[in-house]
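Participant: Can you keep this structure in mind? I'll have questions shortly.
Just so it is clear, none of the values below were taken in a lab; they were calculated from the coordinates. All of these numbers come straight from a predicted model, not from anything done at the bench. No Cβ is skipped: glycine too gets one built from the backbone with ideal geometry, and neighbour counts run over all protein chains shown.
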Amino acid sequence: MPDIYNSFSVAALCKPPQNIIIQTDSTKVNQATGAPLFTGNMVLFGGALASKVAKYYEDNGYACITYAENATHFKFMRSSAEVCLVARSTYDYNKADYFVVQIYLDRSRTVSSM
């Protein structure tokens, strides 16, 4: 199922108003840094490779768990410690995938990232 359907399901459970923000909207997301340019709490779908805003939060130390990779492994990291290490040679996205669900604060904004 495309991520946009998951976004609507989560939005339906949240207190109104809900706004779905497209990351290419330069009035809502700084296109150079990925910093959000709007107020309020948010739910992010997709990690730093797919989301400018998720990358912004990872790069600026808000997210507790970050993503990294090298030639042989995909890695979820907490600071410099590997939390989950997956060998590229064993990964088959047709059968399973890996993700992190986390909640963190950006000043007064609560961010839920999946």
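Participant: Return the tail of the calculated pair distribution for the chain, meaning the percent of Cα-Cα pairs more than 16 Å apart. Kindly include the intermediate steps, with their values, before the conclusion.
Facilitator: Working: 4112 of 6441 pairs.
Tail of the P(r) past 16 Å holds 64 percent of the pairs.
Participant: Using modelled backbone amide H atoms (1.01 Å from N, in-plane), which distant-in-sequence or interchain residues come within less than 5 Å of Cys84's amide H?
Facilitator: Phe76
Participant: Next question, about the same structure. Arranged by the count of other C-beta atoms within 10 angstrom, fewest first, what order do Thr110, Thr90 take?
Facilitator: By the 10 Å Cβ count, ascending, the order reads Thr90, Thr110.
Participant: Among Ala48, Leu37, Ala71, which residue has its Cα furthest toward the positive end of the charge dipole of the chain, with +1 on Lys/Arg Cβ and -1 on Asp/Glu Cβ?
Facilitator: Leu37
Participant: Angle between the Cα long axis of helix 3-13 and the longest principal axis of the chain, 0 to 90 degrees, nearest 10?
Facilitator: Orientation of helix 3-13: about 50 degrees from the principal axis.
Participant: In terms of the Cα gyration tensor, with a ≥ b ≥ c the square roots of its eigenvalues, is segment 66-114 rounded because a/c is under 1.5, prolate because a/b exceeds b/c, or oblate?
Facilitator: Here segment 66-114 falls in the oblate category.
Participant: So what is the 222 nm mean residue ellipticity for the chain from helices alone, if each DSSP H run of at least 4 adds -39500 (n - 2.57) and you divide by all residues, rounding to the nearest 500 deg cm²/dmol?
Facilitator: On the way: 2 runs with 19 residues, N = 114.
Mean residue ellipticity, 222 nm, calculated: -5000 deg cm²/dmol.
Participant: Using the Karplus curve 6.51 cos²θ - 1.76 cosθ + 1.60 with θ = phi - 60°, what ³J(HN,Hα) values do you get for each residue of segment 87-103, in whole Hz, with x for Gly and Pro?
Facilitator: For segment 87-103, the Karplus-derived couplings read 5, 4, 5, 9, 7, 10, 5, 6, 10, 7, 9, 10, 7, 10, 10, 8, 10 Hz, x marking Gly and Pro.
Participant: Could you list Arg109, Arg88 in order of exposure, starting from the residue whose Cβ has the fewest other Cβ atoms within 10 Å?
Facilitator: Arg88, Arg109
Participant: Got a sec? How would Lys55, Lys28, Lys95 order by Cβ neighbour count within 10 Å, fewest to most? Don't skip to the end; give the middle numbers.
Facilitator: Details: Lys55 20, Lys28 14, Lys95 6.
The fewest-first ordering by Cβ neighbours comes to Lys95, Lys28, Lys55.
Participant: While we're looking at this one, here's another question. Explain nothing, just the number: relative contact order of segment 26-114, from Cα pairs under 8 Å at least 6 residues apart, as a whole percent.
Facilitator: Rounded, it is 26 percent for segment 26-114.
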